[in-house]
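Reviewing the structure listed below.
The values are calculated or read from the model by the stated rules, or taken from the named source; none is laboratory data. Keep in mind that what you see is a predicted model, and the values were worked out from it rather than measured. Cβ sites come from the backbone with ideal geometry, for glycine too, and all protein chains shown count toward neighbours. The area values use the complete protein model at the heavy-atom level, side chains included, leaving out ligands, DNA and RNA. Shrake-Rupley method; radii C 1.70, N 1.55, O 1.52, S 1.80 Å.
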Amino acid sequence: MAMYAGAILVPLLVGRALNLTPEQLAYLVAIDLLTCGIATLLQAWKNKYFGIGLPVVLGASFVALSPMIAIGSQYGIPAVYGSIIVAGLFIFLFARYLGKLVKFFPLVVTGTVVVIIGLSLIPSGVRNMAGGAGNPDFGSIDNLMLSMGVIAIILIINRFFKGYVRSLSVLLGIVAGTALAAMMGKVDFHEVLEASWFRIPQPFYFGAPSFEIAPTLTMLIVGLVIVVESTGVFFALGEICDRPVTQDDLTRGYRAEGLAITLGGIFNAFPYNTFAQNVGLVQLSQNKSTNVVVAAGSILVFLGLVPKIAALATIIPAPVLGGATVVLFGMVVSSGIKMLGSVDYKNQHNALIIACSISLGLGSTVVPELFSQLPPALRIIVSDGVITGSLTAIFMNLFFNFHTVLAPASVQHEKANEAHV
């Protein structure tokens, strides 16, 4: 339940941005829940080849949200899933070496990337607050009151409740907001009534994947950012569970994520990463058993096989979705700011890295025509704010902190572990 709101928001936002039909949108939500469950089970199943064996829950990554929309809009949906398959196979095949790349992603880089991700997503949430782009009722008092009501519910739950209930605040806000919207006559249950009770997943539901160079490069960068995100969560969870994370653990964890991302591409779902909010639940409950996430993963697989349940998510009105995502995306920004709080600002270079990366990342999001004169293959990479900001942070860090990057991997891992904890 803690990860459910985040899990369904990605397919809803991608599907609506790419103008999918209600039936296609319901499939996207269902297959997302199914593959979230499979991905969680792959990580929990620790064996010689894959699975970190820690109580982690995987969900659709917000990092891939805007790149998927950009690729789908310019190259079509088949190119989205072709690029996801390649990224997943890359992570799986080169998992042993990806741990060595962590040194290229210190906190000044990862914190900046997380801030850019949150900032680039907020405009989408704000548009939904007003009713969604193209809605004739855009900005109406009803829409604004509904979205503000969802935000108020989330804030009230965080103010007066603790523990488990607080961790469900976004989900409870969506449920309450949808119920309120139904009373206002803004919810259509037709799609839920028409949806079937059971459906077998269909590979390549949106057609055979296509493999384009620019989208593939973009998704490879997204995959590397996801790996870095998950690395920090692995270290933090290892500390909570009193189990130091070794290089072999990281390799198995990366392979499981690579498998999950590849499955996401085959079944037309999403790239997956470890959800940090579920790590908070481990710390809160002090239940460190993987049996819990195995049960959760199994429940997600079951939910993904029942289209009628998935169709419930598609009836969420845009203002309700907007109120929830504004809070959720804002929390992404605050997480990045928290990470940047551990950066050494006595080193002026770090301040420059953050300043230039966020400026260019946010700039290319707000002014997408900034790179309109570049060749198409290059434009798809730099026209997305997340990728532009990420590349800027990575290369500027190499330029200014090259001596630190060359430090032994063990030192880098130890510093990353301390910082994330």
* Structure fact -> Expressed in angstrom and ordered largest first, the alpha-carbon extents of region 260-336 along the principal axes are 37, 34, 23
* Identify all lysines with a Cα-Cα distance to LYS48 below 25 Å; exclude those on the same chain that are fewer than 8 residues away in sequence. => LYS100, LYS288
* Which percent of Cα pairs goes in each bin when the distances of region 156-233 are cut into 5 angstrom slices starting at zero? -> 3, 10, 8, 9, 11, 14, 16, 18, 9, 2, 0
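State the percentage of accessible surface on the chain attributable to carbon and sulfur atoms; use a 1.4 Å probe and exclude ligands, DNA and RNA.
Details: 12090 of 17800 Å².
Carbon and sulfur atoms account for 68 percent of the accessible area of the chain.
State the dimensionless ratio Rg/Rh of region 63-204 (Rg: radius of gyration of Cα atoms; Rh: Kirkwood radius). All intermediate terms of the calculation are to be shown ahead of the outcome.
Numbers: Rg = 20.2 Å, Rh = 19.4 Å.
The Rg/Rh ratio comes out at 1.04.
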* Could you calculate the contour length gain from GLN247 to TYR345, that is, 0.36 nm times the residue separation minus the distance between their Cα atoms, to one decimal place in nm? => 32.3 nm
* Asked: Helix 290-304 versus the longest principal axis of the chain: what is the Cα-based angle in degrees, 0 to 90, to the nearest 10?
  -> 40
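Could you state the accessible area per residue of region 48-206 in Å², with a 1.4 Å probe and every protein chain left in place? Please list the in-between numbers first.
On the way: 7350 Å² over 159 residues.
Per-residue accessible area for region 48-206 comes out at 46 Å².
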* Asked: How many nm separate the modelled label positions at VAL126 and LEU374, each set 7 Å beyond the Cα in the direction of the Cβ?
  -> 2.4
* Picking from ALA79, ALA30, ALA152, which is most flexible by a Gaussian network model of the chain using Cα springs under 10 Å? -> ALA152
* Asked: Which value, to two decimals, describes the C-alpha radius of gyration of region 192-261 once divided by 2.2 N^0.38 Å?
  -> 1.61
* Structure fact -> Taking r as the C-beta separation of LEU89 and LEU155 and R0 as 51 Å, the FRET efficiency to the nearest 0.05 is 0.75
* Asked: Calculated FRET efficiency, SER73 and ASP188, Cβ-Cβ r, R0 25 Å, to nearest 0.05?
  -> 0.45
* Asked: In whole Å, what are the Cα extents of region 88-163 along the three principal axes, biggest one first?
  -> 53, 37, 24
* Asked: Taking the Cα atoms of region 241-284, what is the range of coordinates along each of the three principal axes, in descending order and whole Å?
  -> 36, 25, 8
* Crossing angle, helix 409-420 versus the chain [Cα axis fit, 0-90 degrees, rounded to tens] -> 40
* **Furthest towards positive pole of dipole, SER285, VAL14, THR365, structure part the chain, Cβ charges** => SER285
* Near LYS46, which aspartates and glutamates are there with a Cα under 16 Å away, not counting those fewer than 8 places off in the same chain? -> ASP248, ASP249, GLU257
* Based on Cβ point charges of +1 for Lys and Arg and -1 for Asp and Glu, what charge dipole magnitude is obtained for region 1-160 about its Cα centre, in debye rounded to the nearest 20? -> 760
* Kirkwood-type radius of region 220-259, with distances r between different C-alpha atoms, in Å -> 10.4
* **Histogram of C-alpha separations across the chain, 20 Å bin width, %** => 27, 61, 11, 0
* Taking a probe of 1.4 angstrom, what is the accessible area of TYR345 in Å², to the nearest 10? -> 110
* Considering region 1-137, what Rg and Dmax in Å follow from its alpha-carbon atoms? -> 16.9, 56
* Asked: Assigning unit charges at the beta carbon (Lys, Arg +1; Asp, Glu -1) and nothing else, what dipole magnitude in debye, to the nearest 20, does the chain show about its Cα centre?
  -> 680
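Which net charge results for the neighbourhood of THR325, defined as the other residues with beta-carbon distances under 12 angstrom from its beta-carbon, given Lys and Arg at +1 and Asp and Glu at -1? Before the final figure, lay out the partial values.
Details: positive: ARG16, ARG127; negative: none.
Here the charged neighbours net out to +2.
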* To do: Rounded to the nearest 10 degrees, what's the angle between the helix 348-366 long axis and the longest principal axis of the chain, both from Cα atoms, 0 to 90?
  => 30
* Two decimals is fine: what is log10 I(q)/I(0) at q = 0.11, 0.12, 0.18 Å⁻¹ for region 214-363, from a Debye sum with one equal scatterer on every Cα and no solvent? => -0.63, -0.75, -1.55
* Which of the listed residues, LEU121, ALA95, ALA311, is farthest toward the dipole's positive end in the chain, when Lys, Arg count +1 and Asp, Glu count -1 at the beta-carbon? -> ALA95
* Run the quick spin-label model on SER334 and LYS48: label points 7 Å from Cα toward the beta carbon, then report their separation in nm to one decimal. => 4.7
* Can you pull the one-decimal nm distance between simple spin-label points at TRP197 and LEU220, each 7 Å off the Cα toward Cβ? => 4.8
